[in-house]
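So the structure is just underneath, and the comments pick up after that.
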Amino acid sequence: MSALPGSPEGTAVTGLDSSPVDVGSLAEVPPLPERARLEARDIIARYPVARSALLPMLHLVQSYQGYVTPEGVALCAEELGLTKAEVGAVATFYTMYKRRPTGRHLVSVCTNTLCAVLGGQRIMDALSADLGVHHDETAVDGSITLEHAECLAACDYAPVVTVDYEFYDQQDVESARELVAALRRGEKPLPTRGAPLTDFRGVSRQLAGFSQHADEAAAAAAVDAPGDYGPTLRGLRLAEERGESAPPMQGPEPEPADTGEPRETVRPSGTTGETPAQEAADARVAAADNPAEEAGAAGSHPDAPEPSGRALADQDDGTETPAGAEPGTGDQSPDVPPPAGEGSDGPSRTIQGRAPKRRR
Ligand code: FES
C-alpha cells in the first residue's frame, strides 16, 4: 500500500497506486482553489445523503488537477465526513478516476473482443509505439494519456477509439494515428458523433455536473451534433424492408381467479400435485440433452434452494457435500434446506445448490 503519487502524507492514504512518481510533472499540478470547495458543496447539496456526492466530487477534483490528488482526496473526505481511506477506496475502484497526472487528452482504445478482432489491438500497439507509452501512461510532452479500454458500448462501430470519452468510430491504424497526431498539434478533430471534443479536464467538469463553457452561447454550440447512427439502426432498416417485426412481448401471467382463498396459495394443477411453474421446470430439466443445459434448468427450478454464497463457488467440485456439512457424512447443512416436497432422505444433489434431474 502506498499513497497517491507525490502524496506528502506517506502511507496515510491507503490502497492507492504504488508506481514510481514523476515528480517533474507533479510540480505543474495547481492547488485546488477555494472555488473548488464551494462547487463541491454545491454538488453535495444535490443529494439527500451527502456521501452520494463523492463520485461527481472526484470528477471535480480531476477537472482542476487532472487526476485524483491527495489534496483532492482530503477535500472530499473533509466535506463528506469520510476518512481519506474511504475516499481512496472509491477513487481506486473506478478506472475513470486517474491515479497519476493525465495528459491534455485521454485516448482510450477499445481492445475488447469485437474491436480487437477488427483491429483494436493493432491500433493500441501502433499508438503505444508512436507515443512511447503503454497502458495508463502519459506521453512525455503531456499531450496524451493512452489507455486500453474494455467494451465502450459501441460495438456496432468497431473498432472504436474515444478521446475524452467522445467517440471516433470505425478506426484503423492510420486514422487513429492521424487523430492522435492532430491532438498533439493542438487540434480538436470533430468526433464521429456526439458533442465536440474538449479535453480531459473539461469533460471531467461536465461529469461533475458543471458547464465548462464560458457562456450560454458556447454551451448551446456544444450540444450533440446530429449523428448518422447507420450501423446501430441497420437491423431495424432490414426488418422494415423485409416486413419483419419482433414477436409481441409476453404480458404478465393472468391473475388466478379469486376463489376466496388466501392469494399466496397456489393450487397444484391436477395429476402431479405440483404447480404449473414446477411442472414447466420439470419439463425443462427432462428435455435437457446435455449436462450444462440440465444444470442450468435445474438451477432455475422453483424447488432449487438458494445458492449459499461463496460456499457455492468454493465447493463446486462435483462432490455431493453441501455447504457446512462434513465431507462424506451426507449431512445436510441447516442453511441448505432440501427442495420443497423432499425429506431428508430425498435424492442427494450432484452439484451444491442445484436440484437433481427429476425423472418420471
Ligand atoms: S468491443 Fe469495442 S465497443 Fe464493444
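Just so you know, all these numbers are worked out from the coordinates, no wet-lab data involved. Model, not experiment: these values are computed from the prediction. Cβ coordinates were reconstructed from backbone atoms using ideal geometry, including for glycine residues, and neighbour counts include every protein chain displayed.
Counting DSSP beta bridges in the range 105-198, what percent are antiparallel, to the nearest 5?
On the way: 8 of 14 bridges.
Of the beta bridges lying entirely in the range 105-198, close to 55 percent run antiparallel.
Work out the FRET efficiency for T113 and A287 from their Cβ-Cβ distance, taking R0 = 25 Å, and round it to the nearest 0.05. Numbers along the way, then the final one.
Values: r = 31 Å, r/R0 = 1.25.
My answer for the efficiency is 0.20.
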Taking a crude spin-label model, label points 7 Å out from Cα along the C-beta direction, the R51 to A217 distance in nm is 4.6 nm
Per DSSP, the loop-located GluC sites (Glu not before Pro) within the range 172-232 having at most 13 other beta carbons within 10 Å are E187
